[in-house]
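Trainee: Sharing a structure here in structure tokens format.
The values are calculated or read from the model by the stated rules, or taken from the named source; none is laboratory data. Being a predicted model, the structure only gives us computed values, none of them experimental. Neighbour counts are summed over all protein chains in view; Cβ atoms, including those assigned to glycine, are modelled from backbone coordinates with ideal geometry.
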Amino acid sequence: MRFDSSILTFTVVCFLSTDYVCAAHSTSDPPPDFNADMLFSFLAKNDYGSSMTRQPTPRPTCKPGEYGCPETHPPTLRPKVSDPPSESPSEPPTPVGECDVKVTITCLGLNEPFSNMDCMEIPSPNLQCSNGSNIDKLSFSFIGGDCSKSANTQDDEVEDAQCEDFGGVPSERSRITCVTEDGVTVFNQDVSIGEVFDVPTSDSLSLSDLLICDVFSSGEKKQTVQINTDGKADLFLKDIYGSLQVESCGDKNDPNPKNCMVDVEYTYTIDNVHPTSPMDVTSLNRTIFTRKEVNGVSAGGTTTEDLIDRVDPAFVLPDETTTVKETVTIDLCVEGEYETSVIVKADPPEGKPCESSDKYTIVTKPKGCRVDVEIACEDEEG
């Protein structure tokens, strides 16, 4: 079949089979954009190819490069879509109602020069008070007892130093009066056993070479002690003169005298580490175990107390804390340990209770020694 158009003259050759298979041969140059699809579209529009069926299989007469023969391309390979990665197993949500508590102990000094210092780093003082200069400040603890409790080197070596009892022992609460050798009163107050007091009571007063203290019970003198304070005679922290024990010493120009008794502050921090469940703190048991070595004799003790009344607030929300503070006096001049431990218990709204514990230890190692020196002089004959 031959067809003419204003665009192109071409011959269509069809092979008779089950369906028509046709190829077109142009007698003139086709436009650049002409292809086989345009041919079949043309035939369909002019009703020439109403009985012709376009085959999906390649036409045997169509050779690559001929007009009307579509270009062939290798099939486009699509990347294989892999299955999405499986999600890693996540932690199951923590159910509300469980309990998780943590308690920690911290300790800081309260007295200068140890204010805000970690208690484990507070050093013990050198025990020797006498350094050749007059001692201007002293503090004593009232320990009670008679002169047989004395433990110092002045009683044996210093003529003026002495302890004398006047029948019986001082009562638990006694009047103590201290004067200088010039008769100036530098202390006059009632003191209970265990209390610590300063001599003199005011910076406007001064000590002389000798300090004389009288102890009265119910108006009756029970004891007199005399202590040399000229700075040349041996005087040490923790020396005992009858019912008085030396706890600190220094001079007026020293803002931080040597001190055995130091106040420290323990902080017990209770942390609700559970992410979703609140808790009620039900107990905070604190135990202080003290071990001391006094004059070669072991001493100490244990005290336990439930501090739950100080826990405020006791109801702690998730990831929040509550704290309890406690002031304790430690003795730096006695070799030993102060071991503080706490156990906290808490209950959630539902579920089992929980508990936590912590421990804090302070070790004291005082410095200082006593040296006895004797000088003997003999002639050549002995």
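Trainee: In this structure, does N272 turn out to be modelled with pLDDT of 95 or more and not basic (K, R)?
Mentor: Criteria met by N272.
Trainee: Looking only at region 170-196, which residues are within 11 Å of I143 (Cβ to Cβ) and surrounded by 16 or more Cβ atoms within 10 Å (Cβ to Cβ)?
Mentor: Scanning region 170-196 gives P170, V191, V196.
Trainee: Right, another one. Pick out the one residue from E326, E305, E265, E350 that is touching a Phe, Trp or Tyr at 6+ places or on another chain (Cβ under 6 Å) and more than 18 Å from N126 (Cα to Cα).
Mentor: Criteria check complete, one pass: E326.
Trainee: Still on this structure, I have one more. Out of region 281-308, which residues are more than 16 Å from G336 (Cα to Cα) and out of contact with any strand residue (DSSP E or B) (no Cβ under 9 Å at 6 or more places or on another chain)?
Mentor: None; the set is empty.
Trainee: Output yes when any residue across region 309-326 is out of contact with any His (no Cβ under 7 Å at 6 or more places or on another chain), surrounded by fewer than 15 Cβ atoms within 10 Å (Cβ to Cβ) and within 30 Å of F236 (Cα to Cα), and no when none is.
Mentor: no
Trainee: Next up: Please state which of the following conditions T302 fails to meet, knowing it meets all the rest: (1) surrounded by 13 or more Cβ atoms within 10 Å (Cβ to Cβ); (2) free of Cβ contacts under 8 Å to residues at least 60 places away in the same chain.
Mentor: Only one criterion in (1) surrounded by 13 or more Cβ atoms within 10 Å (Cβ to Cβ); (2) free of Cβ contacts under 8 Å to residues at least 60 places away in the same chain is unmet by T302, namely (1).
Residue by residue, here is whether (1) in contact with a helix residue (DSSP H, G or I) (Cβ under 9 Å, 6 or more places away or on another chain); (2) without any contact (Cβ under 8 Å) to a residue 12 or more places away in the chain; (3) among the polar types (S, T, N, Q) holds:
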{"site": "S124", "(1), (2), (3)": "no, no, yes"}
{"site": "C129", "(1), (2), (3)": "no, no, no"}
{"site": "Q154", "(1), (2), (3)": "no, no, yes"}
{"site": "D165", "(1), (2), (3)": "yes, no, no"}
{"site": "S171", "(1), (2), (3)": "no, no, yes"}
{"site": "S174", "(1), (2), (3)": "no, no, yes"}
{"site": "V179", "(1), (2), (3)": "no, no, no"}
{"site": "G183", "(1), (2), (3)": "no, yes, no"}
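Trainee: Among the residues of region 122-136, which ones are crowded, with 16+ Cβ neighbours inside 10 Å and under 38 Å from the mean Cα position of the chain (by Cα)?
Mentor: I122, S124, P125, L127, Q128, C129
Trainee: A follow-up question, please. Say whether the condition of being in a loop (DSSP other than H, G, I, E, B) and either in contact with a His (Cβ under 6 Å, 6 or more places away or on another chain) or over 13 Å from L244 (Cβ atoms) (or both) is met by at least one residue in region 183-191.
Mentor: We begin by selecting, within region 183-191, every residue in a loop (DSSP other than H, G, I, E, B); these are 183-184.
Among the residues that remain, those that are also either in contact with a His (Cβ under 6 Å, 6 or more places away or on another chain) or over 13 Å from L244 (Cβ atoms) (or both) are: 183-184.
Yes; the residues of region 183-191 include at least one that is in a loop (DSSP other than H, G, I, E, B) and either in contact with a His (Cβ under 6 Å, 6 or more places away or on another chain) or over 13 Å from L244 (Cβ atoms) (or both).
Trainee: Only one of (1) crowded, with 19+ Cβ neighbours inside 10 Å; (2) at positive phi is not met by G231, so which one is it?
Mentor: In the conditions (1) crowded, with 19+ Cβ neighbours inside 10 Å; (2) at positive phi, G231 misses (1) alone.
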